[in-house]
Amino acid sequence: MKRVFSGIQPTGDLHIGNYLGAIRNWVKIGEQIGKDAIFCIVDYHAITIPHDRELLGRLTFDAALANMAAGLDPNKIVLFAQSHVPEHLELGWVFSTQTPLGELERMTQFKDKSEQHSVLAGLLMYPVLQAADILLYKADTVPVGEDQIQHIELTREIARRFNAKFSPENPVFPEPKASIDKSAARVPGLDNSGKMSKSKNNTLELLEPQAALWDKIRVAPTDPARVRRNDPGTPEKCVIFSYHKLFSNLDTIQEVDVGCRTAGIGCIDCKKLLMVGLMETLEPIQARAAHFQAHPHEVTDALVAGAEHCQKIARETMLEVRDAIGLLRPNSIRPVIQ
Ligand code: AMP
Ligand code: TRP
């Protein structure tokens, strides 16, 4: 793991799926490799579906704040906003000219999103821009949730093709690998309908007050077999139990496991126990968020410093890329082809 890159869209409040599936892992990596860990709020990705111009800037700031609250320390790692380093778009364009349309049309995220929204050309190009994000910094490792594996595979393909075509002797790009935290690769949504996701409205948000979290958890469906308090249930069928496994200590997990199977405890008791473990994780995050809300300059300063750091790397990569594909250098007369 020499250089790590990952990104997150500024599409609203971060939820525990983002935290457990991605950000928590980012924090760990940052402890190991410092400034070679680069994290990006991908605002240009966010406009591939219709967006609100009044909100985009605010959401980008909020996403940076929430990531810092979740433990990303910009003094240790690099945090920046994608649009502050325009080379992402330049490399994205180059890659788009080298990527067969069919490969993009096959992406499952594209297929899903194009059922929900009218298809903009940018939505199809989304994974090309993602490949540019990663390869601009020559990252070899990309910590993401399971849903991003296909995009990282495409990134490898784009790198491989570019190297083979334009720099076979001295490859410009590495072939990066996805790094998945297996313990929380796919955090289920509160409605137990599948993945937790902002668009499905089934989230527990990192910065939600305890009372609001409880309101959601209190009414969340559990194992349907537990109609009455003394009906026994199967923990594996209950989304609350899967959260216990993510947030509670081993004793509590054991207690609710047995309690559920024997009807020893009711679902409300089980949910109250979940609140304890959940708040143990969320309270320090929420306290840090309150600090940054009172000191917003700490967030904007981090983004400015992050963009400056990234810009240097990005410029160098683009010099190599432009040369590799054979563009005319500014202020130079192209040697006549012999
Ligand atoms: P997104 O909000 O889609 O930009 O996702 C940001 C990061 O969180 C990506 O690495 C996703 O793979 C990860 N992620 C999003 N939802 C979940 C989930 N329910 N479980 C695990 N990881 C997730
Ligand atoms: N597509 C990613 C997601 O939805 C976000 C993203 C954009 C990303 N660029 C990236 C993730 C580069 C990793 C690396 O979660």
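Points worth noting:
- Hydrodynamic analysis of region 208-291 uses the Kirkwood radius over alpha carbon pairs. Inserted into Stokes-Einstein at 25 °C and 0.890 mPa s, it gives a translational diffusion coefficient of 186 µm²/s.
- Among His45, His291, His244, residue whose mean-square fluctuation peaks in a GNM of the chain (springs only between Cα atoms under 10 Å): His291
- Summing +1 for each Lys or Arg and -1 for each Asp or Glu among the other residues whose beta-carbon sits under 15 angstrom from that of Thr11 gives -2.
- Pairwise Cα inverse-distance average, inverted: Kirkwood Rh of the chain (Å): 21.7
- Among Ala289, Val276, Pro235 the positive-end extreme of the charge dipole of region 208-291 (Cβ point charges): Pro235
- Packing around the peptides 148-154, 249-255, taken as the average count of other Cβ atoms within 10 Å per residue, puts them in this order, highest first: 148-154, 249-255.
- Euclidean distance of C-alpha centroids, region 296-325 and region 169-188, integer Å: 21
- In the chain, the DSSP beta bridges split such that about 15 percent are antiparallel, to the nearest 5.
- Sorted largest first, the principal axis extents computed over the alpha-carbon atoms of region 190-338 equal 86, 42, 28 Å.
- Loop GluC sites (Glu not before Pro), region 1-90, which have at most 16 other Cβ atoms in a 10 Å radius of their Cβ (DSSP): Glu54
- Taken over the Cα atoms of region 55-212, the convex hull encloses 155 Å³ per residue.
- Relative contact order (percent, whole number), the chain, Cα cutoff 8 Å, 6+ residue spacing: 22
- Accessible surface computed residue by residue for region 1-114, with neighbouring protein chains in place and a 1.4 Å probe, gives 41 Å² per residue.
- Kyte-Doolittle at least 0.0, axis length at least 15 Å by Cα - qualifying DSSP helices, the chain: 56-69, 121-136, 267-294
- In order along region 222-237, phi translates into HN-Hα couplings of 10, 4, x, 5, 8, 6, 9, 3, 9, 7, x, x, 10, x, 4, 8 Hz, rounded to whole numbers, per the Karplus curve 6.51 cos²θ - 1.76 cosθ + 1.60 with θ = phi - 60° and x for Gly and Pro.
- Rough spin-label spacing in nm, given labels placed 7 Å along Cα→Cβ, for Leu327 and Val304: 2.8
- Taking Gly326, Gly30, Gly21 in turn, the Gaussian network model of the chain (Cα-Cα springs below 10 Å) assigns the largest fluctuation to Gly326.
- Only Lys, Arg (+1) and Asp, Glu (-1) charged, at Cβ; the chain dipole about Cα centre in debye: 440
- The apolar share of the surface of region 175-218, taken as the fraction of accessible area on carbon and sulfur atoms (1.4 Å probe, ligands and nucleic acids excluded), comes to 48 percent.
- Cα-Cα over 31 Å, subset of Lys28/Lys198; Lys35/Lys272; Lys113/Lys177; Lys177/Lys198: Lys35/Lys272
The values are calculated or read from the model by the stated rules, or taken from the named source; none is laboratory data. Every value quoted in this text rests on a predicted model; they were computed, and no experiment measured them. When we count neighbours, we look across all protein chains shown, and the Cβ atoms used for this are built from the backbone with ideal geometry, even at glycine. When the accessible area is computed, the model is the full protein with side chains, heavy atoms only, and any ligands, DNA or RNA have been set aside. Shrake-Rupley method; radii C 1.70, N 1.55, O 1.52, S 1.80 Å.
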